[in-house]
Amino acid sequence: MALIQTSRGSIDIQKPDTPTLERLQSLLTFGVFPFKQTFHGADFGIVMQCGEKEVYCLKQQPIEVEEKQAHINFQMHHIMIMDAYCRYIKLGFSGAYLASPYLRQRNNGLWETGVSHFIFPSDNEKASEKSFGRAYDSRFGNGATNMFMAFVDCFKQAFSESNLPMPQYFGIDIRPRSHLKSLAMYFMLSGSDVFCLRPNLREKEDVAWAILVNGGINTVFHLPSLPMTIDETDLNKAKGLI
């Protein structure tokens, strides 16, 4: 499909074949909805709401800041997420993981810019035997807590090796997607597969490509997508069942 050249090497950009897409549809809570026609550059919708039900995430929120600093922190989170992805993918989880920076203005005029973790375990994901190791499994599925804790460790390593100070987060909150306001759904993982969800690849502007190559990743699936809401009658199509 395309080849992205970076200072570190190249990445082969491919369209996901049918089995790869169907696996992602089965993993995500409400699936991936294929558009009949390209819409704003996207060919798919990542379903974040079905009827009245929303997809939930784990939210890491640091201290509120002024808008200019919020945008700087937003970009920093994107870079650290990509570095963490390169580490996390080597751990062998089979579910899907979408870590996204977000921006949200508070009533006091300040901004929160943190990281949202959308976690979709596979049916054979291993759950921890420790009690805390199952803290989020009841909400997101067996093995979700293990996936989250492993990603956070990778996230910490990314900050440590970059010599950037990691923000102090208030804690972990369970929130629906609508709570996050501006959400950057740029890249996600499904097992060992990396997906770029951006309609525009931004191969020249986004340092993520160089980070991926440096992390040993040479193939990325392009799934140009937008977040969307569907009716319950469309769920089977989004889940790849019809």
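Counting only Cβ charges, +1 for Lys and Arg and -1 for Asp and Glu, the dipole size of the chain around its Cα centre is about 140 debye. Net length available on complete extension from residue 71 to residue 107 is 11.2 nm, with 0.36 nm assigned per residue and the Cα-Cα distance removed.
Ordering 22, 232, 112 by the number of other Cβ atoms within 10 Å of each residue's own Cβ, fewest first, gives 232, 22, 112.
The peptide list 143-152, 52-61, 159-168, put in order of mean Cβ contacts within 10 Å with the highest first, becomes 143-152, 52-61, 159-168.
Using R0 = 45 Å, the C-beta based FRET efficiency linking residue 3 and residue 149 works out to 0.80.
Helices assigned as whole DSSP H runs in the chain whose Cα atoms extend at least 15 Å along their own long axis and whose mean Kyte-Doolittle hydropathy is -1.0 or higher are found at 67-88, 144-162. If only the Cβ of Lys and Arg carry +1 and only the Cβ of Asp and Glu carry -1, the dipole of the range 87-200 around its Cα centre is close to 300 debye. Between residue 214 and residue 162, the simple label model (points 7 Å from Cα in the Cβ direction) yields a spacing of 0.9 nm.
Taking the Cα centre of the range 148-215 as origin and assigning +1 to Lys and Arg Cβ atoms and -1 to Asp and Glu Cβ atoms, the resulting dipole is close to 300 debye. Quick one: if the Förster radius is 35 Å, what FRET efficiency do residue 22 and residue 52 give, using the C-beta to C-beta distance and rounding to 0.05? Once rounded, the FRET efficiency stands at 0.85. Once the dipole of the chain is set up with Lys and Arg at +1 and Asp and Glu at -1 on Cβ about the Cα centre, which of 183, 38, 25 lies farthest towards its positive end? Checked the options; the winner is 183. Remark: for residue pairs 15/126; 36/204; 90/156; 53/181, the C-alpha separation exceeds 27 Å in 15/126; 36/204. Applying 1/(1 + (r/R0)^6) with r as the Cβ-Cβ distance of residue 241 and residue 123 and R0 = 22 angstrom yields a FRET efficiency of 0.90.
Read the figures in this text as sums done on the coordinates, not as results from a lab. Since the model is a prediction, treat every value here as computed from it, not as a measurement. Glycine also receives a Cβ, built like all others from the backbone with ideal geometry; neighbour counts cover every protein chain displayed.
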